[in-house]
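The structure under discussion appears below in the form of structure tokens.
The values are calculated or read from the model by the stated rules, or taken from the named source; none is laboratory data. Because the structure is a prediction, the values reported are computed rather than measured. Cβ: placed from backbone, ideal geometry, glycine included. Neighbour counts: every protein chain shown.
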Amino acid sequence: MSDQNSLRLVTLVGSLRRLSFHAAIADCLQELAPENVRVTKLPSVGLLPHYNADVQAEGFPLSVLELGNAISEADGVIIVTPEYNYSVPGVLKNALDWLSRLPAPPFVGKPVAIQSASPGIFGGARAQYHLRQSMVFLDAQVLNKPEVMVGGAASKVDVEGKTVTDPQTREIISAQLKAFALFAQQRKLLNK
């Protein structure tokens, strides 16, 4: 894998649960990704303090700076999130609020892919739509299709084994990763 054609993608997981569907999906992305892609998981969004303008005025917390730098250095971000109350989890929104206030916001022009999962049939679709609204404000470049919304996740994701077990779901995720790699590679070439 040459450096020119290789891609460094990072995953931002919107769940704090150790045995979440989303952490398991994020953990298996490397094995489903194209050969020229390296996927690494970012630190937990739970490490960030609640956003507070008074805290920001005293200086950005190190955890926020480190997360922002990791996103800035990546060629693309894959956000894997649950749906809470028809929207994104508060911890994910909190992370986005912090990142949007950095002097050089890391999502500007950054390729982003979104994945969600749920025990229900909709697979977190409503969370994805709300997340896309936030991505517009953050000026991210979101991949539109193929979409990954894993409904009935309990029968498709092995949280203990940290993998996706359903062959069709694996194919869908792999197809998105292939499309996202092409999307991110094109953005990388445009920015040279």
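Among the residues of segment 160-169, is there at least one that is farther than 24 Å from Glu35 by Cβ and either touching a Phe, Trp or Tyr at 6+ places or on another chain (Cβ under 9 Å) or touching a residue at least 12 places away in the same chain (Cβ under 8 Å) (or both)? Looking through segment 160-169, at least one residue is farther than 24 Å from Glu35 by Cβ and either touching a Phe, Trp or Tyr at 6+ places or on another chain (Cβ under 9 Å) or touching a residue at least 12 places away in the same chain (Cβ under 8 Å) (or both).
Where helices (runs of 4 or more DSSP H) fall wholly inside segment 75-192, the ranges with 2 or more residues that are modelled with pLDDT under 95 and farther than 25 Å from Leu62 by Cα are 167-190.
Criterion applied to Ala140, Ala179, Ala184, Ala153 was being in contact with a Leu (Cβ under 7 Å, 6 or more places away or on another chain) and crowded, with 19+ Cβ neighbours inside 10 Å, and the one residue passing it is Ala184.
Failed condition for Arg187, given (1) free of Cβ contacts under 8 Å to residues at least 60 places away in the same chain; (2) closer than 20 Å to Gly76 by Cα, with all others met? Just one mismatch for Arg187, condition (1).
Pairing residues of segment 57-85 that are hydrophobic (A, V, I, L, M, F, W, C) with residues that are at pLDDT below 95, at Cβ distances under 7 Å and at least 6 apart in sequence or on separate chains, gives no pairs at all.
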